[in-house]
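Contents: one structure, followed by commentary.
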Amino acid sequence: MKFTITEKKVHITDDLRDYAEKKISKIDRFFKSESEAFITFTSERGRLVAEVTIKNNGLFFRVTEVTSDMMASIDSAVAAIERQIRKHKTRLSKRLREGALEKEYMSSVREDMPEDEGEPEFKIVRTKMFSVKPMSPEEAVLQLDLLEHEFFVFKNQDKDDAFSIVYKRKQGGYGLIETS
């Protein structure tokens, strides 16, 4: 597994770096091909944040954990990512396609670990139709605020009417997703 470690407003020790790499490298058993791990350590208002992103075969798994102890944040993040991988693998194998994660990892998972039972169905409960109009991203943000939604789809007039999405970010501000 290839690691990229970033420190924001905090300095981590070599012991913590080694601990994080050791814990997160255990996730590599779930994948057949080489994975990349992006780890960001941050200190925000006295709280220690560990953000772990795993990239493998075009799939991203991301977890952010906030505690008062960085090692506890790492442990929680690893456990959460393992749950995400297990849940994602189960959904893909049941509903979409075989071999989506390339490697059958269930043999490496202990038998006493609970399976995700009662997996929710992909059930569409409501359908909306609306016309998609060309507008600038700034107009789309205004429309997003007026509607009080989390995201807004529009045709970006600045990009030859390509479909784009603006959304509210958890950290504040807005994000823009553009199609190519």
| query | What GluC sites (Glu not before Pro) does the range 130-161 have in DSSP loop regions with at most 10 other beta carbons within 10 Å? | reply | Glu148, Glu150
| In percent, what relative contact order does the range 16-98 have, based on Cα pairs under 8 Å that are 6 or more apart in sequence? | 23 percent
| Residue-count net charge about Ser43 - beta-carbon cut-off 15 Å; Lys, Arg +1, Asp, Glu -1 | -1
| Which lysines, on any chain, are close to Lys155 with Cα under 16 Å apart, when same-chain ones fewer than 8 places away are left out? | Lys133
| remark: In nanometres, the difference between 0.36 nm per residue of separation and the alpha-carbon distance of Arg17 and Thr179 is 54.6 nm
| query | By accessible area of protein heavy atoms, probe 1.4 Å, what ranking do Phe152, Phe38 get, highest first? | reply | Phe38, Phe152
| Excluding Lys2 itself, what net charge comes from residues whose Cβ is under 13 Å from its Cβ, given Lys and Arg +1 and Asp and Glu -1? | -3
| request: Please tell me which of these pairs span more than 28 angstrom C-alpha to C-alpha: Lys2/Lys159; Lys32/Lys123; Lys8/Lys55? | output: Lys2/Lys159; Lys32/Lys123
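The values are calculated or read from the model by the stated rules, or taken from the named source; none is laboratory data. Note that the coordinates shown come from a computational prediction; the quantities given were computed from them, not determined experimentally. Glycine gets a Cβ as well: all are built from the backbone with ideal geometry, and neighbour counts include every protein chain shown. Ligands, DNA and RNA are excluded from the accessible area calculation, which covers all protein heavy atoms including side chains. Shrake-Rupley method; radii C 1.70, N 1.55, O 1.52, S 1.80 Å.
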